[in-house]
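Input: a single structure, listed below in structure tokens.
The values are calculated or read from the model by the stated rules, or taken from the named source; none is laboratory data. Only a predicted model underlies this, so the values are computations on that prediction, with no experimental measurement involved. Quick reminder, even Gly has a Cβ in these numbers, built from the backbone with ideal geometry, and neighbours come from all protein chains shown.
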Amino acid sequence: MNTNEQVPKDLEIVMTQDAFNNPDLKEEVRPDSELKKWLIGYVGERTSPGSNEVTVENIVEVMATEFPEFLMAVAEENWVRGYHQALNDVDEGANLREQELQEKLNPETEEKVDEDG
């Protein structure tokens with residue numbers, strides 16, 4: 001990256017980990033809106049002047065360096081939503097397991113439902 005600014009250490013660690021190979025990061029960004037045109041030009045000048053190719057990964061790197069507050073807000077929101085979904089999944093799994101155990105303990109309950117249905 002052609003910038004004198006330093007990436008915050010916590011973002012640098014995330015950016016260098018290869019554990020989550022996301023192919024979307026390697027995709028070239030198409031300038032199909034005014035914001036994208038501007039951002040591609042801005043990022044392109046910082047990462048590879050003279051090249052017309054800017055990837056999502058290039059944009060993330062520049063944002064991490066020059067506007068880490070924005071990137072952290074997006075990451076935190078994503079983490080909170082993922083954590084919330086995980087808790088819901090655990091509750092749902094526990095409910096399904098409890099239902100399964102009840103059906104095993106009371107097999108006649110299932111038969112009664114079938115007779116009535």
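Within region 56-66, the set of residues being crowded, with 20+ Cβ neighbours inside 10 Å and more than 15 Å from E27 (Cα to Cα) comprises V62, A64, T65. Whenever a residue of region 57-78 is touching a residue at least 40 places away in the same chain (Cβ under 8 Å) and within 15 Å of G44 (Cα to Cα), its partners that are assigned to a loop (DSSP other than H, G, I, E, B) and acidic (D, E), lying with C-beta atoms within less than 8 angstrom and at least six residues away or across chains, give the pairs T65/E5; E66/E5.
Select from region 24-45 the residues that are acidic (D, E) and surrounded by 10 or more Cβ atoms within 10 Å (Cβ to Cβ) and write down the one among them that is nearest to E66 (Cα to Cα). Only one residue fits best here, namely E45. E53 falls short on exactly one of the conditions (1) farther than 19 Å from K26 by Cβ; (2) of a type in the set (D, E, K, R); (3) touching a helix residue (DSSP H, G or I) at 6+ places or on another chain (Cβ under 9 Å), and that condition is (1).
Would you be able to say whether some residue in region 71-81 is assigned to a helix (DSSP H, G or I) and more than 16 Å from the chain's Cα centre (by Cα)? Checked against the condition, which is being assigned to a helix (DSSP H, G or I) and more than 16 Å from the chain's Cα centre (by Cα), region 71-81 yields no hits at all.
Checked against the criterion of being modelled with pLDDT of 85 or more and surrounded by 10 or more Cβ atoms within 10 Å (Cβ to Cβ), region 13-23 contains not a single residue that satisfies it.
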